[in-house]
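Here's the structure we're looking at; comments come further down.
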Amino acid sequence: MSTEDFTYEEVGATREEGHCPPGFHPLHMRMRIGEGTEVFRRASEAVLTWEMHRALGVEIDTSAQRAAPGVDVTVSVAGVVRAPCRVVWTVEEHRRAGWAYGTLPGHPACGEEAFVVNRTGDGTMWLTVSSFSRPAAWYTRAAGAATRGVQHMLARRCGAVLRRLCAGIPEP
């Protein structure tokens, strides 16, 4: 995949847990979703098919049914803030599923964000949202630390939304 359109250099760096390029702000949140194979299956599908994001109340504009490297996605909030991005990597393994996007020109931030569902050895299922970013638009630069607060709030909401989408699935 060509990296020339991205607004940052370290495309794919969210694959490396804890990595944050110089000049960027890190975010790493891990939220418990539930337990069991069916919860993992349901959560994985919700993450990979944009359902979790749509349930957040954001608009997702993409021609793809599920996340795949190279797929362009524009996330919009209330039709006002548009955030163009591209999927940079995906993972679909026995105990791990998710994807990451990188920002494209016009995105209010610059960087990368990953959404990964992980089932641990004891059967507990977690959502991890991790990113590195810095402001790119005048309004995100002006908002300063408040922008990072919004990112943290949205990451926590991803966990709450995913728990709600998996509610009612019996735990083992």
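Remarks
Table: residues versus (1) touching a Leu at 6+ places or on another chain (Cβ under 6 Å); (2) closer than 15 Å to Gly159 by Cβ; (3) buried (at least 18 other Cβ atoms within 10 Å of the Cβ).
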residue	(1), (2), (3)
Asp5	yes, no, no
Ala13	no, no, yes
Gly18	no, no, no
Pro22	no, no, no
His28	no, yes, no
Gly36	no, no, no
Val47	no, yes, yes
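- Residue within the stretch 138-147 that is surrounded by fewer than 19 Cβ atoms within 10 Å (Cβ to Cβ), touching a residue at least 24 places away in the same chain (Cβ under 8 Å) and either closer than 19 Å to Arg54 by Cα or not β-branched (Val, Ile, Thr) (or both) present: yes
- Filter result for Gly106 (assigned to a loop (DSSP other than H, G, I, E, B), open to solvent by 30 Å² or more (accessible area, probe 1.4 Å) and touching a Lys or Arg at 6+ places or on another chain (Cβ under 8 Å)): yes
- In the stretch 109-125, the qualifying residues are those that are open to solvent by 30 Å² or more (accessible area, probe 1.4 Å) and part of a strand (DSSP E or B), and the one that is nearest to Glu4 (Cα to Cα) is Glu113.
- Within the stretch 57-114, the residues that satisfy the criterion of being among the hydroxyl-bearing types (Ser, Thr, Tyr) and within 12 Å of the chain's Cα centre (by Cα) are Thr90, Tyr101, Thr103.
- Residue within the stretch 89-98 that is aliphatic (A, V, I, L, M), open to solvent by 20 Å² or more (accessible area, probe 1.4 Å) and at pLDDT 95 or above present: no
- Unique residue being of a type outside the set (Ser, Thr, Tyr), touching a helix residue (DSSP H, G or I) at 6+ places or on another chain (Cβ under 6 Å) and part of a loop (DSSP other than H, G, I, E, B) when the list is Ala55, Ala67: Ala67
- Those residues of the stretch 126-172 which are assigned to a loop (DSSP other than H, G, I, E, B) and over 16 Å from Leu27 (Cβ atoms), in sequence order: Ala137, Ala167, Gly168, Ile169, Pro170, Glu171, Pro172
- Scan of the stretch 27-52 for residues that are in a helix (DSSP H, G or I), touching a residue at least 12 places away in the same chain (Cβ under 8 Å) and not acidic (Asp, Glu), ordered by number: Thr37, Val39, Phe40, Arg42, Ala43, Ser44, Ala46, Val47, Leu48, Met52
- Identity of the residue in the stretch 54-88, under 27 Å from Glu4 (Cβ atoms) and touching a residue at least 40 places away in the same chain (Cβ under 8 Å), that ends up least open to solvent (accessible area, probe 1.4 Å): Val88
The values are calculated or read from the model by the stated rules, or taken from the named source; none is laboratory data. Worth saying up front: this structure is predicted, and the values here are computed from it rather than measured. Please note: Cβ atoms are built from the backbone with ideal geometry, for glycine as well, and neighbour counts cover all protein chains shown. With ligands, DNA and RNA removed, areas are computed over all heavy atoms of the protein, side chains included. Shrake-Rupley method; radii C 1.70, N 1.55, O 1.52, S 1.80 Å.
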